[in-house]
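Since the structure comes first, as structure tokens, the remarks are kept for the end.
We did not get these values from a lab; they are worked out from the coordinates using the rules stated. From a predicted model like this one, the values you see are computed outputs, not experimental measurements.
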Amino acid sequence: MTDLVDEDELLEPSPPKRWRAIALTTIRFVPTVVSIGCAIMAGYFTYMTANKKPPADMATLAVSIIKSDNASPEMRDWAADVLGIQTDIRMPAKSIQQ
């Protein structure tokens with residue numbers, strides 16, 4: 001009669017097939033994990049940069065430049081940037097100097 005092959009030998013894949021399956025699974029999931037990780041880190045750094053407050057002495061200097069009558073437009077722009085004021089929205093000077 002015919003020799004029967006042990007069932008364990010049939011179910012166990014050969015090492016190259018096993019490594020190939022692991023490599024294909026890795027290739028499928030690693031780019032997604034890396035992309036999500038990079039997006040999280042970019043969002044974190046953007047949040048931290050946007051919500052960082054200027055040092056107190058720079059904020060005081062910026063407020064004094066905006067309140068002064070003889071400050072140049074470049075200095076006023078710098079002061080507005082330091083304080084986070086949007087300069088593309090026009091507002092009367094009286095509302096700033098109150």
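Once you order the gyration tensor axes a ≥ b ≥ c over the Cα atoms, which shape class does region 38-85 get: rounded for a/c under 1.5, otherwise prolate or oblate by comparing a/b with b/c? Prolate is the answer for region 38-85, as a/c is 1.5 or above and a/b outweighs b/c.
Run the numbers for M41 and M75: contour at 0.36 nm per residue of separation, minus the present Cα-Cα distance, in nm. Intermediate results must be reported in sequence, preceding the final value.
Working: separation 34, 0.36 × 34 = 12.24 nm, distance 3.40 nm.
My answer for the length gained is 8.8 nm.
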